[in-house]
Amino acid sequence: MAARTPAEADRFVVPDNRQARALFGPFDENLRLIEGEIPVSVVSRGNEVAVTGEAAHRQTVVRVLELLLDDVRRGHSPGRLEVRQAIRDSAHDFAPLPADTVVTTARGKPIRPKSDGQRAYVDAIKGNDIAFGIGPAGTGKTYLAMAMAVTAFKAHEVSRIILTRPAVEAGEKLGFLPGDLQEKVDPYLRPLYDALFDILGIDVFDRYRERGVLEIAPLAYMRGRTLDDSFVILDEAQNTSPEQMKMFLTRLGFDSKTVITGDVTQIDLPKGSVSGLIHAKEVLKDIPGISFVTLTERDVVRHPLVQAVIKAYDRAQALIDQAEKDRP
(Lines give C-alpha, C1' and ligand atoms only; values in the text may rest on other atoms or scores of the structure.)
Protein backbone atom coordinates (compact mmCIF):
# COMPACT_ATOMS: atom_id res chain seq x y z
CA MET A 1 0.00 0.00 0.00
CA ALA A 2 1.12 3.55 -0.69
CA ALA A 3 2.54 5.48 2.24
CA ARG A 4 0.03 8.01 3.47
CA THR A 5 0.81 11.64 4.09
CA PRO A 6 -1.65 14.50 4.48
CA ALA A 7 -0.60 15.88 1.09
CA GLU A 8 -1.43 12.57 -0.62
CA ALA A 9 -4.77 11.85 1.05
CA ASP A 10 -8.33 12.61 -0.02
CA ARG A 11 -11.29 12.06 2.27
CA PHE A 12 -14.77 11.00 1.24
CA VAL A 13 -17.54 11.32 3.82
CA VAL A 14 -20.92 9.58 3.61
CA PRO A 15 -23.43 11.55 5.74
CA ASP A 16 -25.61 8.52 6.53
CA ASN A 17 -24.18 5.43 8.29
CA ARG A 18 -26.66 3.09 6.59
CA GLN A 19 -25.68 4.42 3.19
CA ALA A 20 -22.00 4.04 4.14
CA ARG A 21 -22.50 0.34 4.89
CA ALA A 22 -24.22 -0.23 1.53
CA LEU A 23 -21.56 1.77 -0.30
CA PHE A 24 -18.58 0.01 1.28
CA GLY A 25 -20.12 -3.46 0.90
CA PRO A 26 -19.92 -6.42 3.31
CA PHE A 27 -16.57 -6.32 5.13
CA ASP A 28 -15.60 -3.35 2.92
CA GLU A 29 -15.66 -5.65 -0.13
CA ASN A 30 -16.36 -2.79 -2.58
CA LEU A 31 -13.42 -0.77 -1.21
CA ARG A 32 -11.11 -3.78 -1.54
CA LEU A 33 -12.22 -4.21 -5.15
CA ILE A 34 -11.43 -0.55 -5.86
CA GLU A 35 -7.97 -1.03 -4.33
CA GLY A 36 -7.43 -4.03 -6.58
CA GLU A 37 -8.32 -2.10 -9.73
CA ILE A 38 -6.74 1.32 -8.99
CA PRO A 39 -3.25 1.80 -7.46
CA VAL A 40 -4.40 3.51 -4.25
CA SER A 41 -4.90 2.72 -0.59
CA VAL A 42 -8.50 2.97 0.64
CA VAL A 43 -9.16 2.90 4.39
CA SER A 44 -12.59 3.29 6.00
CA ARG A 45 -13.25 4.65 9.48
CA GLY A 46 -16.92 4.75 10.37
CA ASN A 47 -18.68 6.58 7.55
CA GLU A 48 -15.49 8.16 6.19
CA VAL A 49 -12.99 6.91 3.60
CA ALA A 50 -9.36 8.01 3.29
CA VAL A 51 -7.82 7.58 -0.18
CA THR A 52 -4.05 7.84 -0.65
CA GLY A 53 -2.00 7.61 -3.82
CA GLU A 54 -1.27 9.73 -6.88
CA ALA A 55 -3.59 12.71 -7.41
CA ALA A 56 -5.11 11.41 -10.66
CA HIS A 57 -5.86 8.01 -9.08
CA ARG A 58 -7.38 9.62 -5.99
CA GLN A 59 -9.60 11.74 -8.22
CA THR A 60 -10.79 8.63 -10.05
CA VAL A 61 -11.60 6.85 -6.77
CA VAL A 62 -13.59 9.81 -5.47
CA ARG A 63 -15.57 9.85 -8.71
CA VAL A 64 -16.21 6.10 -8.38
CA LEU A 65 -17.49 6.58 -4.82
CA GLU A 66 -19.76 9.42 -5.97
CA LEU A 67 -21.29 7.24 -8.70
CA LEU A 68 -21.83 4.35 -6.30
CA LEU A 69 -23.32 6.63 -3.66
CA ASP A 70 -25.85 7.82 -6.25
CA ASP A 71 -26.84 4.15 -6.65
CA VAL A 72 -27.22 3.76 -2.89
CA ARG A 73 -29.39 6.87 -2.62
CA ARG A 74 -31.72 5.34 -5.22
CA GLY A 75 -32.14 2.30 -2.98
CA HIS A 76 -29.62 -0.05 -4.63
CA SER A 77 -26.74 -1.90 -2.99
CA PRO A 78 -23.84 -1.90 -5.46
CA GLY A 79 -21.89 -5.10 -5.92
CA ARG A 80 -18.89 -6.21 -7.96
CA LEU A 81 -20.47 -5.52 -11.35
CA GLU A 82 -21.55 -2.01 -10.37
CA VAL A 83 -18.14 -1.21 -8.86
CA ARG A 84 -16.29 -2.34 -11.99
CA GLN A 85 -18.65 -0.37 -14.24
CA ALA A 86 -18.21 2.77 -12.10
CA ILE A 87 -14.43 2.36 -12.35
CA ARG A 88 -14.64 2.10 -16.14
CA ASP A 89 -16.96 5.12 -16.36
CA SER A 90 -14.71 7.20 -14.11
CA ALA A 91 -11.55 6.28 -16.01
CA HIS A 92 -13.24 7.51 -19.20
CA ASP A 93 -14.34 10.71 -17.47
CA PHE A 94 -10.75 11.72 -16.71
CA ALA A 95 -9.11 10.51 -19.94
CA PRO A 96 -8.22 13.23 -22.48
CA LEU A 97 -10.82 13.18 -25.26
CA PRO A 98 -11.23 15.05 -28.54
CA ALA A 99 -13.10 18.33 -28.12
CA ASP A 100 -16.07 17.18 -30.22
CA THR A 101 -16.56 13.87 -28.36
CA VAL A 102 -20.22 13.31 -27.48
CA VAL A 103 -19.68 10.38 -25.09
CA THR A 104 -17.46 7.32 -24.69
CA THR A 105 -18.76 3.78 -25.10
CA ALA A 106 -18.56 1.11 -22.41
CA ARG A 107 -15.29 -0.02 -24.03
CA GLY A 108 -13.80 3.47 -23.90
CA LYS A 109 -14.28 4.33 -27.59
CA PRO A 110 -15.10 8.03 -28.11
CA ILE A 111 -18.25 8.77 -30.11
CA ARG A 112 -18.03 11.96 -32.15
CA PRO A 113 -19.39 13.30 -35.45
CA LYS A 114 -17.30 12.22 -38.42
CA SER A 115 -18.66 14.44 -41.18
CA ASP A 116 -19.97 17.96 -41.69
CA GLY A 117 -23.52 16.62 -41.83
CA GLN A 118 -23.13 14.75 -38.55
CA ARG A 119 -21.65 17.84 -36.89
CA ALA A 120 -24.63 19.89 -38.06
CA TYR A 121 -26.94 17.18 -36.71
CA VAL A 122 -25.28 17.14 -33.26
CA ASP A 123 -25.40 20.95 -33.13
CA ALA A 124 -29.10 20.88 -34.04
CA ILE A 125 -29.83 18.48 -31.18
CA LYS A 126 -27.89 20.68 -28.76
CA GLY A 127 -29.59 23.88 -29.87
CA ASN A 128 -33.23 22.82 -30.31
CA ASP A 129 -35.90 21.09 -28.24
CA ILE A 130 -37.07 19.20 -31.35
CA ALA A 131 -34.58 18.04 -33.98
CA PHE A 132 -35.16 15.90 -37.07
CA GLY A 133 -32.36 13.81 -38.60
CA ILE A 134 -33.33 12.61 -42.07
CA GLY A 135 -31.03 10.51 -44.22
CA PRO A 136 -30.08 7.05 -45.51
CA ALA A 137 -28.91 4.06 -43.55
CA GLY A 138 -25.45 4.28 -42.04
CA THR A 139 -25.36 8.03 -41.45
CA GLY A 140 -25.42 7.70 -37.65
CA LYS A 141 -28.85 9.27 -37.15
CA THR A 142 -30.00 6.99 -34.36
CA TYR A 143 -26.60 6.22 -32.86
CA LEU A 144 -25.62 9.88 -32.42
CA ALA A 145 -29.06 10.70 -31.01
CA MET A 146 -28.66 7.94 -28.42
CA ALA A 147 -25.16 9.16 -27.57
CA MET A 148 -26.56 12.65 -27.00
CA ALA A 149 -29.32 11.18 -24.81
CA VAL A 150 -26.80 9.31 -22.64
CA THR A 151 -24.69 12.47 -22.34
CA ALA A 152 -27.72 14.51 -21.25
CA PHE A 153 -28.67 11.89 -18.67
CA LYS A 154 -25.16 11.65 -17.22
CA ALA A 155 -25.04 15.46 -17.00
CA HIS A 156 -28.37 15.40 -15.05
CA GLU A 157 -30.04 17.47 -17.79
CA VAL A 158 -32.85 14.87 -17.98
CA SER A 159 -33.98 12.17 -15.59
CA ARG A 160 -34.87 9.48 -18.14
CA ILE A 161 -34.33 8.34 -21.72
CA ILE A 162 -37.26 7.13 -23.83
CA LEU A 163 -36.73 5.37 -27.16
CA THR A 164 -39.60 4.46 -29.46
CA ARG A 165 -40.31 3.40 -33.01
CA PRO A 166 -43.41 2.33 -34.94
CA ALA A 167 -43.97 -1.43 -35.16
CA VAL A 168 -44.79 -1.50 -38.87
CA GLU A 169 -45.35 -4.94 -40.34
CA ALA A 170 -43.19 -5.80 -43.35
CA GLY A 171 -44.33 -9.17 -44.70
CA GLU A 172 -45.14 -10.87 -41.38
CA LYS A 173 -48.25 -10.22 -39.32
CA LEU A 174 -47.59 -9.51 -35.65
CA GLY A 175 -50.40 -11.88 -34.75
CA PHE A 176 -48.63 -14.76 -36.45
CA LEU A 177 -45.38 -14.29 -34.52
CA PRO A 178 -44.91 -16.42 -31.37
CA GLY A 179 -44.92 -15.04 -27.83
CA ASP A 180 -46.68 -12.34 -25.84
CA LEU A 181 -47.03 -8.71 -26.93
CA GLN A 182 -43.55 -7.67 -25.71
CA GLU A 183 -41.96 -10.62 -27.52
CA LYS A 184 -43.87 -9.71 -30.69
CA VAL A 185 -42.64 -6.10 -30.74
CA ASP A 186 -39.06 -6.76 -29.54
CA PRO A 187 -37.79 -7.58 -33.07
CA TYR A 188 -38.80 -4.08 -34.18
CA LEU A 189 -36.90 -2.56 -31.24
CA ARG A 190 -33.76 -4.72 -31.59
CA PRO A 191 -31.66 -2.04 -33.38
CA LEU A 192 -32.24 0.28 -30.41
CA TYR A 193 -31.11 -2.41 -27.97
CA ASP A 194 -27.98 -3.13 -30.03
CA ALA A 195 -26.91 0.53 -30.12
CA LEU A 196 -27.43 0.97 -26.38
CA PHE A 197 -25.52 -2.22 -25.56
CA ASP A 198 -22.57 -0.71 -27.42
CA ILE A 199 -22.80 2.72 -25.79
CA LEU A 200 -23.67 1.70 -22.21
CA GLY A 201 -22.57 -1.91 -21.90
CA ILE A 202 -25.07 -4.64 -21.01
CA ASP A 203 -24.66 -4.26 -17.23
CA VAL A 204 -25.46 -0.54 -17.21
CA PHE A 205 -28.23 -1.03 -19.78
CA ASP A 206 -29.93 -3.59 -17.51
CA ARG A 207 -29.44 -1.36 -14.46
CA TYR A 208 -30.99 1.66 -16.20
CA ARG A 209 -34.00 -0.37 -17.35
CA GLU A 210 -34.56 -1.83 -13.88
CA ARG A 211 -34.62 1.67 -12.38
CA GLY A 212 -37.04 2.96 -15.01
CA VAL A 213 -34.63 5.64 -16.26
CA LEU A 214 -34.47 3.92 -19.66
CA GLU A 215 -37.59 2.91 -21.57
CA ILE A 216 -37.83 1.27 -24.99
CA ALA A 217 -41.35 0.87 -26.34
CA PRO A 218 -43.45 0.86 -29.52
CA LEU A 219 -44.84 4.22 -30.62
CA ALA A 220 -48.39 3.18 -29.73
CA TYR A 221 -47.37 3.15 -26.04
CA MET A 222 -46.73 6.91 -26.16
CA ARG A 223 -50.39 7.85 -26.63
CA GLY A 224 -51.90 9.82 -23.73
CA ARG A 225 -48.59 10.49 -21.97
CA THR A 226 -46.78 13.73 -21.11
CA LEU A 227 -43.01 13.27 -21.21
CA ASP A 228 -41.42 15.75 -18.79
CA ASP A 229 -37.69 15.89 -17.96
CA SER A 230 -36.95 13.33 -20.68
CA PHE A 231 -34.78 12.81 -23.74
CA VAL A 232 -37.10 11.15 -26.25
CA ILE A 233 -36.02 9.57 -29.55
CA LEU A 234 -38.45 8.46 -32.27
CA ASP A 235 -36.64 6.14 -34.69
CA GLU A 236 -37.82 4.99 -38.14
CA ALA A 237 -40.19 7.95 -38.24
CA GLN A 238 -40.78 7.51 -41.98
CA ASN A 239 -43.14 4.68 -41.02
CA THR A 240 -45.47 6.90 -38.99
CA SER A 241 -48.69 8.39 -40.28
CA PRO A 242 -49.26 12.16 -39.99
CA GLU A 243 -51.65 11.43 -37.13
CA GLN A 244 -49.07 9.35 -35.27
CA MET A 245 -46.42 12.02 -35.78
CA LYS A 246 -48.72 14.69 -34.37
CA MET A 247 -49.55 12.45 -31.42
CA PHE A 248 -45.87 11.88 -30.71
CA LEU A 249 -44.75 15.50 -31.03
CA THR A 250 -47.50 16.69 -28.69
CA ARG A 251 -46.15 14.39 -25.93
CA LEU A 252 -43.24 16.81 -25.36
CA GLY A 253 -43.20 18.04 -21.77
CA PHE A 254 -41.21 20.57 -19.75
CA ASP A 255 -37.40 20.29 -19.65
CA SER A 256 -37.48 17.68 -22.40
CA LYS A 257 -35.77 17.20 -25.74
CA THR A 258 -37.01 15.18 -28.71
CA VAL A 259 -35.09 13.76 -31.68
CA ILE A 260 -36.86 12.22 -34.67
CA THR A 261 -34.91 10.10 -37.14
CA GLY A 262 -35.89 8.48 -40.40
CA ASP A 263 -35.04 7.54 -43.97
CA VAL A 264 -37.65 8.67 -46.50
CA THR A 265 -36.29 6.21 -49.09
CA GLN A 266 -37.30 3.21 -46.97
CA ILE A 267 -40.99 3.69 -46.22
CA ASP A 268 -42.80 0.45 -45.29
CA LEU A 269 -46.30 1.94 -45.08
CA PRO A 270 -49.06 0.58 -47.34
CA LYS A 271 -48.89 1.90 -50.89
CA GLY A 272 -50.55 5.30 -51.20
CA SER A 273 -50.10 6.18 -47.50
CA VAL A 274 -48.59 9.53 -46.51
CA SER A 275 -45.45 9.36 -44.34
CA GLY A 276 -45.69 11.38 -41.15
CA LEU A 277 -42.01 12.31 -41.51
CA ILE A 278 -42.44 13.83 -44.97
CA HIS A 279 -45.61 15.58 -43.84
CA ALA A 280 -43.92 16.99 -40.72
CA LYS A 281 -41.01 18.40 -42.73
CA GLU A 282 -43.45 20.48 -44.75
CA VAL A 283 -45.80 21.48 -41.92
CA LEU A 284 -43.18 22.35 -39.27
CA LYS A 285 -40.33 23.77 -41.37
CA ASP A 286 -40.79 27.40 -40.26
CA ILE A 287 -41.30 26.90 -36.50
CA PRO A 288 -38.48 28.28 -34.29
CA GLY A 289 -37.02 25.66 -31.97
CA ILE A 290 -37.56 22.86 -34.49
CA SER A 291 -34.59 21.94 -36.69
CA PHE A 292 -34.37 19.67 -39.74
CA VAL A 293 -30.98 18.23 -40.76
CA THR A 294 -30.67 16.21 -43.95
CA LEU A 295 -27.84 13.69 -44.10
CA THR A 296 -26.60 12.21 -47.39
CA GLU A 297 -24.40 9.39 -48.63
CA ARG A 298 -21.40 11.61 -47.82
CA ASP A 299 -22.25 11.15 -44.13
CA VAL A 300 -22.33 7.32 -44.27
CA VAL A 301 -19.88 5.83 -41.76
CA ARG A 302 -20.41 2.14 -42.54
CA HIS A 303 -18.56 0.00 -45.10
CA PRO A 304 -17.57 2.09 -48.17
CA LEU A 305 -19.82 -0.11 -50.34
CA VAL A 306 -22.85 1.30 -48.50
CA GLN A 307 -22.25 4.68 -50.17
CA ALA A 308 -22.09 2.97 -53.57
CA VAL A 309 -25.32 1.06 -52.87
CA ILE A 310 -27.16 4.25 -51.87
CA LYS A 311 -25.98 6.09 -55.00
CA ALA A 312 -27.00 3.18 -57.24
CA TYR A 313 -30.51 3.07 -55.81
CA ASP A 314 -30.82 6.85 -56.05
CA ARG A 315 -29.90 6.69 -59.76
CA ALA A 316 -32.40 3.90 -60.36
CA GLN A 317 -35.16 5.83 -58.60
CA ALA A 318 -34.35 8.96 -60.62
CA LEU A 319 -34.78 6.96 -63.86
CA ILE A 320 -38.15 5.64 -62.66
CA ASP A 321 -39.31 9.14 -61.69
CA GLN A 322 -38.23 10.53 -65.07
CA ALA A 323 -39.99 7.72 -66.92
CA GLU A 324 -43.23 8.48 -65.05
CA LYS A 325 -42.94 12.17 -65.97
CA ASP A 326 -42.35 11.32 -69.65
CA ARG A 327 -45.26 8.90 -69.79
CA PRO A 328 -48.09 10.37 -71.96
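What is the extension gain from Ser241 to Glu66, computed as 0.36 nm multiplied by their sequence separation minus the C-alpha to C-alpha distance, in nm to one decimal?
58.5 nm
List every residue whose amide H lies under 5 Å from the amide H of Ile216, counting only residues 5 or more places away in sequence or on a different chain, with H placed 1.01 Å from N in the peptide plane.
Leu163
May I ask you to give the solvent-accessible area per residue for the chain, in square angstrom, as obtained with a 1.4 angstrom probe?
The answer is 53 Å² per residue.
Which residue fluctuates most in the GNM of the chain (Cα springs below 10 Å): Asp28, Asp203, Asp16?
Of Asp28, Asp203, Asp16, the Gaussian network model singles out Asp16 as fluctuating most.
Where a ≥ b ≥ c are the square roots of the eigenvalues of the C-alpha gyration tensor, would you call segment 284-328 rounded, which needs a/c under 1.5, or, failing that, prolate if a/b is larger than b/c, or oblate?
oblate
Modelled label-to-label distance, Asp123 and His156, 7 Å Cα→beta-carbon offset: nm?
Output for this residue pair reads 3.0 nm.
Could you give the length gained by full extension between Asp206 and Tyr313, i.e. 0.36 nm per residue of separation minus their alpha carbon distance, to one decimal place?
34.6 nm
Enter the angle in degrees (range 0 to 90, nearest 10) between the Cα long axis of helix 141-154 and the first principal axis of the Cα atoms of the chain, meaning the one along which they spread out most.
Compared with the principal axis, the helix lies near 30 degrees.
Just to make sure I understand: if all protein chains stay in place, what is the order of Val13, Val264, Val43 by accessible area at 1.4 Å, largest first?
Accessible-area ranking of Val13, Val264, Val43, largest first: Val13, Val264, Val43.
Between Ala220 and Thr294, take the C-beta separation as r, use R0 = 25 Å, and let me know the FRET efficiency to the nearest 0.05.
0.35
Round to a whole angstrom and tell me the spacing of the C-alpha centers of segment 107-130 and segment 213-240.
Using only Cα atoms to place each centre, the spacing works out to 20 Å.
Could you identify which residue out of Ala106, Ala318, Ala152 has the top mean-square fluctuation in a GNM of the chain using Cα springs shorter than 10 Å?
Ala318
For the chain, modelled as a Gaussian network with Cα springs under 10 Å, which listed residue fluctuates most, Phe248, Phe12, Phe205?
Answer for the Gaussian network model of the chain: Phe12.
Give a residue-ordered list of calculated ³J(HN,Hα) values for segment 203-220 (Karplus: 6.51 cos²θ - 1.76 cosθ + 1.60, θ = phi - 60°; whole Hz; x for Gly, Pro).
Working through the residues one at a time gives 4, 5, 4, 4, 5, 4, 5, 4, 7, x, 8, 10, 10, 10, 8, x, 4, 4 Hz.
Taking the Cβ-Cβ separation of Glu48 and Leu284 as r and a Förster radius of 45 Å, what is the calculated FRET efficiency to the nearest 0.05?
Calculated transfer efficiency: 0.25.
Count the net charge of all other residues whose Cβ sits under 14 Å from the Cβ of Gln19, scoring Lys and Arg as +1 and Asp and Glu as -1.
Combined, the nearby Lys, Arg, Asp and Glu give -1.
Per 20 Å bin, what is the whole-percent P(r) computed from every C-alpha pair distance within the chain?
The percentages, shortest bin first, are 27, 49, 21, 3, 0.
Once both axes come from the Cα atoms, what is the angle between helix 181-200 and the longest principal axis of the chain, in degrees from 0 to 90, rounded to 10?
60
Just report the Cα centroid separation between segment 278-328 and segment 28-64, whole Å.
The two parts, judged by their Cα centres, are 54 Å apart.
Rounded to the nearest 0.05, what FRET efficiency is calculated for Arg11 and Asp229 with R0 set to 45 Å and r the Cβ-Cβ distance?
Calculated transfer efficiency: 0.85.
Does anyone have the angle between helix 55-73 and the longest principal axis of the chain? Alpha-carbon axes, 0 to 90°, nearest 10?
In the chain, helix 55-73 runs at an angle near 70 degrees to the longest axis.
Going down the list Lys109/Lys141; Lys114/Lys246; Lys154/Lys246, which pairs span over 24 Å between their C-alpha atoms?
Among Lys109/Lys141; Lys114/Lys246; Lys154/Lys246, the Cα-Cα distance tops 24 Å for Lys114/Lys246; Lys154/Lys246.
The values are calculated or read from the model by the stated rules, or taken from the named source; none is laboratory data. These figures come from a predicted structure and were not determined experimentally. So basically every Cβ, Gly included, is an ideal-geometry build from the backbone, and we count neighbours across all protein chains shown. Side chains are part of the model used for accessible areas, which takes the heavy atoms of the whole protein and leaves out ligands, DNA and RNA. Shrake-Rupley method; radii C 1.70, N 1.55, O 1.52, S 1.80 Å.
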